[in-house]
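The values are calculated or read from the model by the stated rules, or taken from the named source; none is laboratory data. Everything numeric in this text was worked out from a predicted model, so none of it was measured. Neighbour counts run over all protein chains shown; Cβ positions are idealised from the backbone, glycine included. Surface areas here come from the heavy atoms of the whole protein model, side chains and all, with no ligands, DNA or RNA. Shrake-Rupley method; radii C 1.70, N 1.55, O 1.52, S 1.80 Å.
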Amino acid sequence: MKKNKWQYDELQQVGVDYGNYDEVARYDARMKKLRDIKTEINNLIQATSPTPDSIILEIGTGTGEFAVAIVEESQKLFAVDVSPVMLEYAKKKAEDRKIENIEFHHAGFLTYNGSSEQFDIIYTRLALHHLPDFWKSIALNRIYLSLKEGGKFYLKDVVYPSNVEDYDLFFNSIIEGIEKSVSSEFTQEFIDHIKKEYSTLDWIMEDLLTKAGFSILETKVENSFIYTYLCEKRIA
Ligand SMILES: C[S@@+](CC[C@H](N)C(=O)[O-])C[C@H]1O[C@@H](n2cnc3c(N)ncnc32)[C@H](O)[C@@H]1O
């Protein structure tokens, strides 16, 4: 997108911003404890079916844990993130593992300049909620244009179900669950997520995906607020 005066400044992050390398290293270690990363990687591979010819784009790569795994199944991966410190950490991880077919770019959903119909697969995990809904829609249109016909788009993010009668009860029970099973640090992160970040409702996300042109092949919901959408660019 041509940069307009009114364009949303995605480099100015909302929510938690990891300021230095050590904080990112702690975040990476914490994520490995909290999440079953191996299963998440397998699910991503199974859903998107990369081949040795695949050209892949990951938006919001974070510490690069997924990029360094998926690239082994593909020809080349472009990893973009708005956080220079996340990128530095992810680059070092790739170098340590002697991985040479990842290209890292300091950019985001609204500013990455991949050429059109370049990618076989685009995926993004826990990052799109950084944009308000209008800008999510711009981001999804750009993703659609960057995908080859038949290409897969895999989106995982915090999304809120719309069939909830009482959001006080809903959020409080999630917060209590996190407090009991995970940690107080993560509980505060989730509270800040609800207060400050732009997670949206499921029907809005589905509409945004469909209006961008995607066919939604599969929707999965974990713990009532982690949604995964497997989409395809189908041209009728
Ligand atoms: C919660 S982390 C998730 C990282 C990784 N995808 C994962 O699943 O572990 C969110 C990442 O999105 C990045 N991010 C925030 N806003 C972004 C934007 N507008 N475009 C691209 N990445 C963004 C952050 O810098 C951060 O690395």
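To the nearest 0.05, what FRET efficiency results for residue 175 and residue 21 with a Förster distance of 30 Å applied to their C-beta separation?
0.50
Just in segment 78-137: which GluC sites (Glu not before Pro) are loop by DSSP and have at most 15 other Cβ atoms within 10 Å?
On the way: sites: 88, 95, 100, 103, 117; in loops: 100, 117.
When the GluC sites (Glu not before Pro) of segment 78-137 are filtered for loop state and at most 15 Cβ neighbours within 10 Å, 100, 117 remain.
Among rounded, prolate and oblate, which fits segment 57-122 when a ≥ b ≥ c are the square roots of the eigenvalues of its C-alpha gyration tensor, a/c under 1.5 means rounded, and a/b larger than b/c means prolate?
Oblate is the answer for segment 57-122, as a/c is 1.5 or above yet b/c matches or exceeds a/b.
If you filter segment 1-97 for trypsin sites (Lys or Arg not before Pro), then keep DSSP loop positions with at most 16 other Cβ within 10 Å, what is left? Can you show the working numbers first?
Values: sites: 2, 3, 5, 26, 30, 32, 33, 35, 38, 76, 91, 92, 93, 97; in loops: 2, 3, 5, 35, 97.
Passing sites in segment 1-97 are 2, 3, 5, 35, 97.
Using label points projected 7 Å from each Cα along Cα→Cβ, tell me how many nm separate residue 96 and residue 184, to one decimal.
In this crude label model, residue 96 to residue 184 measures out at 3.0 nm.
Checking the a/c ratio against 1.5 first, then a/b against b/c, what shape does the Cα gyration tensor give for segment 23-92?
The shape class here is oblate.
Specify the inter-centroid distance of segment 76-150 and segment 26-70, based on alpha-carbon positions, in whole Å.
That distance is 13 Å.
Can you give the accessible area of residue 137, probe radius 1.4 Å, in Å² rounded to 10?
30
Using r as the Cβ-Cβ distance of residue 217 and residue 72, and R0 as 25 Å, what FRET efficiency do you calculate, to the nearest 0.05?
Numbers: r = 24 Å, r/R0 = 0.96.
Calculated transfer efficiency: 0.55.
For residue 106 and residue 40, what is the calculated FRET efficiency with R₀ set at 30 Å and r taken between the beta-carbons, to the nearest 0.05?
Step by step, r from the Cβ atoms, then E = 0.75.
Leaving out ligands and nucleic acids, and using a 1.4 Å probe, what accessible area per residue does the chain come to in Å²?
Accessible area per residue, the chain: 51 Å².
Note down the relative contact order for the chain as a percent, whole number, built from C-alpha pairs under 8 angstrom at least six residues apart.
Values: 386 pairs, mean separation 45.8, N = 236.
The normalised contact order for the chain reaches 19 percent.
Could you look at the chain and say what percent of its accessible area is carbon and sulfur, using a 1.4 Å probe and all protein chains?
Working: 6000 of 12110 Å².
So the carbon and sulfur contribution to the accessible surface is 50 percent.
Answer rounded, prolate or oblate for segment 27-157, using the Cα gyration tensor with square roots of eigenvalues a ≥ b ≥ c: rounded when a/c is under 1.5, else prolate when a/b is larger than b/c, else oblate.
Working: a/c = 1.38, a/b = 1.17, b/c = 1.18.
Cα axes put segment 27-157 in the rounded bin.
In a solvent-free Debye calculation with one equal scatterer on each Cα, what is log10 I(q)/I(0) for segment 126-206 at q = 0.13, 0.22, 0.26, 0.27 Å⁻¹, listed in the order of the q values?
Cα-only, vacuum Debye calculation for segment 126-206: -0.52, -1.09, -1.32, -1.37.
Along segment 207-223, what does the Karplus equation 6.51 cos²θ - 1.76 cosθ + 1.60 (θ = phi - 60°) give for ³J(HN,Hα), rounded to whole Hz, x for Gly and Pro?
5, 4, 5, 5, 5, 6, x, 6, 9, 8, 7, 7, 10, 10, 10, 10, 6
How are the C-alpha pair distances of the chain spread across 10 Å bins, as whole percents from the shortest bin up?
Pairs per bin, as whole percents: 7, 32, 39, 19, 3, 0.
Starting from 0.36 nm per residue, how many nanometres of slack lie between residue 88 and residue 191 once their C-alpha separation is accounted for?
Extra length from residue 88 to residue 191 when fully extended: 34.3 nm.
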